[in-house]
1. In region 21-66, which residue that is of a type in the set (D, E, K, R) and over 21 Å from Ala79 (Cα atoms) is surrounded by the most Cβ atoms within 10 Å (Cβ to Cβ)?
2. Can you tell me which residue within region 33-53, out of those that are part of a helix (DSSP H, G or I) and under 16 Å from the mean Cα position of the chain (by Cα), is farthest from Met80 (Cα to Cα)?
3. When you check Arg77 against the structure, is it basic (Lys, Arg), out of contact with any Cys (no Cβ under 9 Å at 6 or more places or on another chain) and without any contact (Cβ under 8 Å) to a residue 24 or more places away in the chain, yes or no?
4. Of the residues Arg15, Arg58, Arg11, only one is at pLDDT 90 or above and in a helix (DSSP H, G or I); which?
5. Take the residues in region 18-32 that are at pLDDT 85 or above and among the hydroxyl-bearing types (Ser, Thr, Tyr), then tell me which one is nearest to the chain's Cα centre (by Cα).
6. Out of Met1, Met80, which single residue is among the hydrophobic types (A, V, I, L, M, F, W, C) and at pLDDT below 75?
7. Looking only at region 67-79, count every residue that is more than 16 Å from Met30 (Cα to Cα) and either buried (at least 16 other Cβ atoms within 10 Å of the Cβ) or among the aliphatic types (A, V, I, L, M) (or both) and tell me the total.
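The values are calculated or read from the model by the stated rules, or taken from the named source; none is laboratory data. Bear in mind that the values here come from a model prediction, so they are computed numbers and not experimental data. Here Cβ is always computed from backbone atoms with ideal geometry, including for glycine, and neighbour counts include all displayed protein chains.
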Amino acid sequence: MTTPAQGPRERGIGRGVSTLIPQSATDQAMAALTGLQTVPVHVGLLQAAALLLEDAARTAVDEPTRAAMARTAGMLRSAM
């Protein structure tokens with residue numbers, strides 16, 4: 001089975017979009033943190049998120065993921 005050839009426009013758009021979206025979960029989280037805006041959030045949500053991230057950071061296998069989780073938990077704690 002063969003697939004039809006894509007025109008230059010389809011190939012160019014697909015390649016461009018994939019370079020804009022971080023591929024790993026850690027990179028996606030870091031990109032999301034850079035785009036934060038001030039919005040009202042219930043403090044209980046921040047506490048729960050910080051606790052979950054701190055727990056996950058303790059069991060994270062790779063260092064970049066562990067560091068991102070710990071940094072994010074720290075940012076949540078400072079926001080409280």
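1. It comes out as Asp27.
2. Selected residue: Thr34.
3. Details: basic (Lys, Arg): yes; out of contact with any Cys (no Cβ under 9 Å at 6 or more places or on another chain): yes; without any contact (Cβ under 8 Å) to a residue 24 or more places away in the chain: no.
Here the answer is no, as Arg77 does not meet what is asked.
4. Arg58 is the lone residue from the list that is at pLDDT 90 or above and in a helix (DSSP H, G or I).
5. Only one residue fits best here, namely Thr26.
6. One residue alone meets the criteria, Met1.
7. Residues of region 67-79 more than 16 Å from Met30 (Cα to Cα): 77-79.
Right, trim to either buried (at least 16 other Cβ atoms within 10 Å of the Cβ) or among the aliphatic types (A, V, I, L, M) (or both) and you get 79.
Residues meeting the conditions: 1.
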